[in-house]
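To start, the structure under review is shown below, and the notes come after it.
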Amino acid sequence: MTAWLCRPGKKNKNCALDVSIIVLLQAIALAYGAYILYQQKPKLLVLVLDQFYIVTEKDLTKPLSPSIASNLPRYKNGPYIAQVPIKFKGKKANALSPLTSDLSHLAFVPDPFQRISKAFLPTYLIPDKTTHPDQANAVTDIRLPITGRNVRGTVTLDGETLEITTIALDDF
């Protein structure tokens with residue numbers, strides 16, 4: 001493009017103006033692309049009931065407070081890992097159970113994010129070693145689906161520590 005604009009018969013003053021306009025447009029495009037990438041970077045991996053959701057900064061109605069963020073673990077120095085504390089009664093959750101990928105309703109929960117705890121996991125997810133005593137020392141992983149705007153996959157949790165061991169995303 002520069003070679004086309006700065007042809008031999010053109011004055012250097014006009015050529016410099018054309019090149020500076022091209023450089024300016026390229027810098028604006030680079031800044032816009034960096035902003036879009038930053039905006040789509042996962043901020044949280046949130047466990048709601050039995051599924052993880054990828055939450056970006058844009059999805060949050062208010063910024064994640066530093067006091068909450070300091071209590072949450074991170075996945076490989078990336079997004080924070082959190083759980084929405086929904087109490088289970090047997091195998092059914094309370095009225096918040098029919099959740100979709102739209103997490104905007106969490107803005108009304110006073111303290112929506114906390115560390116992952118077995119107290120808020122459905123009972124069918126927690127490995128029961130009492131029914132299988134021969135597997136008492138076996139490592140049990142919990143596999144849960146993960147959903148984002150344009151991505152799906154599987155998260156593997158360590159059954160004992162409830163730490164994320166792997167995230168496998170599907171290709172579209």
Using r as the Cβ-Cβ distance of Ser70 and Cys15, and R0 as 45 Å, what FRET efficiency do you calculate, to the nearest 0.05? 0.25
Which peptide among 27-39, 63-75, 140-152 comes first, and what is the full order, when sorted by highest mean count of other Cβ atoms within 10 Å? 140-152, 63-75, 27-39
Neighbour-count ranking for Val23, Val155, Val46 (other C-beta within 10 angstrom, fewest to most) reads Val23, Val155, Val46
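No lab work stands behind these numbers, since they all come straight from the coordinates. For clarity, every value in this text was computed on a predicted model and none was experimentally measured. Cβ: placed from backbone, ideal geometry, glycine included. Neighbour counts: every protein chain shown.
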